[in-house]
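The values are calculated or read from the model by the stated rules, or taken from the named source; none is laboratory data. All of these numbers come straight from a predicted model, not from anything done at the bench. A quick note on method: Cβ atoms are made from the backbone with ideal geometry, for glycine too, and the neighbour counts reach across all protein chains shown. To get the accessible areas, we keep the full protein, side chains included, count just its heavy atoms, and leave off ligands, DNA and RNA. Shrake-Rupley method; radii C 1.70, N 1.55, O 1.52, S 1.80 Å.
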Number of protein chains: 2
Amino acid sequence: MNQRVTLITLGYRDFERARDFYTGLGWKIGWTDDDVIFFQAGDMIFAVWDRAKLAEDSGVQDSGGWGGVTLGHNVRTVKEVDDILERATAAGATIARAGDRRPWGGYSGIFVDPEGHPWEVAQNPAWTVHDDGSVSLD
Amino acid sequence: MNQRVTLITLGYRDFERARDFYTGLGWKIGWTDDDVIFFQAGDMIFAVWDRAKLAEDSGVQDSGGWGGVTLGHNVRTVKEVDDILERATAAGATIARAGDRRPWGGYSGIFVDPEGHPWEVAQNPAWTVHDDGSVSLD
């Protein structure tokens, strides 16, 4: 199995809220209908879809809250972390942890999207963020 | 905000089980300690970390089950879908939906990793899977 995730689908309860949040971050919709949105995200696809349909399609029970997955967005500077947290807040996120220095040597904060999905925005000096935004361990 | 996810972290309750499952898929560890594993996954990082620590770090309450996130792995052929579902089963996954034709025109199945995280393995004729495994909407 190729060592890749090619699709992340986040479940939503309110389509317009989910759409407005991610487009509010400045993201451009790649494809949509009344139900699903696909965003091209680097070399993979990021999707939002009705949470009940996603649970059924995935063959799982929905426990209703957070289920053990956190997404991350790595940038190069502390200022970018703070700017993104501010933009996410303006778009409707709540801040679960303001930007601060972390024990692992970087700087990060957490925003939680309007559907309860947390994102860590981080400047991690141990990893390389390339010009196109891709990230390498090293 | 750059239109990318650069890190996905899955929470686990049993470190060895999580490690053995993902390495059992043939994935190579990029960095690890006693607690976390980072895999280079295309142009992003895939991580597993203690679920309670991840919840605390993410500033969220853990509802204990699935929380509205499903990962995907796109391939080019039906045979690859079936082969990956078989390999995932051998590595300790359960099959939530066997490979079959889907209403959207492709073929997919769902495996659920030993920690309850579902993955859809799919052949989607509407998307392009490039030689390196990256995926484009088109």
Exercise. Please work out which residue of chain B brings its Cβ closest to the axis of the rotation superposing B onto A, and round that distance to whole Å.
Key: B:GLY67, 1
Quiz item: What are the residues whose amide H is under 5 Å from the amide H of B:SER63, where those residues sit 5 or more places off or on another chain and H is modelled from the backbone?
Solution: A:GLY65, A:TRP66
Self-check item: Bridge type composition, the protein assembly as shown - antiparallel percent by DSSP, nearest 5
Solution: 70 percent
Exercise. First measure r as the distance between the Cβ atoms of A:ASP20 and A:ARG102, then evaluate 1/(1 + (r/R0)^6) with R0 = 41 Å and state the FRET efficiency to the nearest 0.05.
Key: 0.85
Quiz item: Tell me, Kirkwood radius of region A:42-138 from alpha-carbon pair distances, in Å?
Solution: 14.9 Å
Quiz prompt | For B:TRP104, inter-copy label distances in nm, listed shortest first [label point 7 Å out on the Cα-Cβ vector] | solution = 3.0
Quiz item: Using a label position 7 Å from Cα in the Cα→Cβ direction, what is the ascending list of nm distances from B:VAL78 to the same site in the other copies?
Solution: 5.7
Quiz prompt | Square roots of 5 times each gyration tensor eigenvalue, C-alpha, the protein assembly as shown, largest first, Å | solution = 26, 21, 18
Quiz item: Measuring from a point 7 Å out along Cα→Cβ, what nm distances, shortest first, does B:GLU16 have to its partners in the other copies?
Solution: 5.3
Self-check item: ³J(HN,Hα), Karplus 6.51/-1.76/1.60, whole Hz, each residue of region A:22-30, x for Gly, Pro
Solution: 6, 6, x, 7, x, 7, 9, 6, x
Exercise. Could you provide, to the nearest whole Å², the per residue accessible area of region B:40-84 with probe 1.4 Å?
Key: 37 Å²
Quiz item: Per the 1.4 Å probe, what fraction of the accessible area of region A:1-56, in percent, lies on carbon and sulfur atoms?
Solution: 47 percent
Exercise. Kindly give the semi-axes, whole Å and largest first, of the ellipsoid equivalent to region A:1-100, taking each as the square root of 5 times a Cα gyration tensor eigenvalue.
Key: 24, 17, 16
Quiz item: What do you get for Rg/Rh of region B:65-115 when both radii come from the Cα atoms and Rh is the Kirkwood radius?
Solution: 0.96
Quiz item: Where in region B:1-66 are there trypsin sites (Lys or Arg not before Pro) that are in a DSSP coil and have at most 12 other Cβ atoms within 10 angstrom of their Cβ?
Solution: B:LYS28
